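Scroll down for the structure; my scribbles are underneath it.
Quick note: the coordinates plus some simple rules give every number you see, no bench work behind them. The model shown is predicted, which means the values in this text are computed figures rather than measured ones.
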Amino acid sequence: MSVEQIQLIILGSEETLRLLLNQPEYHAIACSEKFATANKLGLMDAIQILSELHDAIEEAEHDMENNLPRYQFDT
């Protein structure tokens, strides 16, 4: 699988979750007192994580193309 394909999957998943977030059916479920996650994370957290993953991949790809180290330490 190529990096581009990975990025497309991440972007597609993020967009799908954004669409889901706006559905009244999802709101009904999320507002239910029975709805809970083990770590208190919600759909917006998942969207944010996917966005950050996409950005990190883009940054790493850019750095690799320019032969830049990901992190530089002061010596």
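Measure nothing but the geometry: give the 0 to 90° angle between the long axis through the Cα atoms of 3-21 and the longest principal axis through the Cα atoms of the chain, rounded to 10°. Relative to the chain, helix 3-21 is tipped by roughly 20 degrees. For the chain, the longest principal axis of the C-alpha atoms and the axis of helix 43-65 are separated by about 10°. Look at where the Cα atoms of segment 34-68 and of segment 1-21 average out, and the two centres are 11 Å apart. Per residue of the chain, the DSSP helices (runs of n ≥ 4 H) give a summed -39500 (n - 2.57) that works out to -21500 deg cm²/dmol at 222 nm.
Within the chain, the percentage of alpha carbon pairs spaced more than 22 angstrom apart rounds to 43%.
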